[in-house]
Amino acid sequence: MTPQQINAFWLDEIDEKQWYNGSAELDRTISERFGAAWEQADSLASSWSGTAEGALAALILTDQFPRNMFRDNARSFATDKLARRIATNAIKTGLDMATPEPARQFFYTPFMHSEEMGDQNRAVSMFEERMPGDNVRHAHLHREVIRRFGRFPWRNDALGRETTPQERAFLDAGGYGALVAGRVSLADAG
């Protein structure tokens, strides 16, 4: 597996709309083509992360692909810490800014996927400073969910966590999708 294969698949072979709207078919394709690479993510990331192209591939492999390969399963988040480490190092060395948009967003999404407020603040800051656009709104919304609940309620089942009544009300009202569409507000969640 090479960084070029990962980047070509994610950036060229599939449609941008599929990045955040997976399907069973896409999930299966990613598992079949990249599952073995994900199993070696730590060693691959170490060898790839010195270039913008390699860091981008390592981030897609550790932050994006698991969410497809292991949808609704705790393994979806198994390489999140590794992704944040890769992103932190890449940002320190300017590899994010050497990556054109829209691919640059994948240097910041590991922080947006974190349930830690410091990471959420970093995601908002990175998107505002380095990639203004619609992702800024998503970063703010993710941060507000963490501020309100201290975690992402839509992960509770996968992680075996008890869902609070306030979280249940939010999820029953449509969760993150309804929040994005403006059909629900976090103030309504109890």
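Values in this text are rule-based calculations from the coordinates and carry no lab data. Only a predicted model underlies this, so the values are computations on that prediction, with no experimental measurement involved.
Over the C-alpha atoms of the range 108-190, the Rg to Rh ratio, Rh being the Kirkwood estimate, stands at 0.98. Couplings for the range 8-15, taken from phi via the Karplus curve 6.51 cos²θ - 1.76 cosθ + 1.60 with θ = phi - 60°, read 5, 5, 6, 8, 10, 7, 9, 7 Hz in order; Gly and Pro are left as x.
Computed over the range 108-190, relative contact order equals 23 percent, with contacts defined as Cα pairs under 8 Å that lie 6+ residues apart. Relative to the longest principal axis of the Cα atoms of the chain, helix 24-39 runs at roughly 60 degrees.
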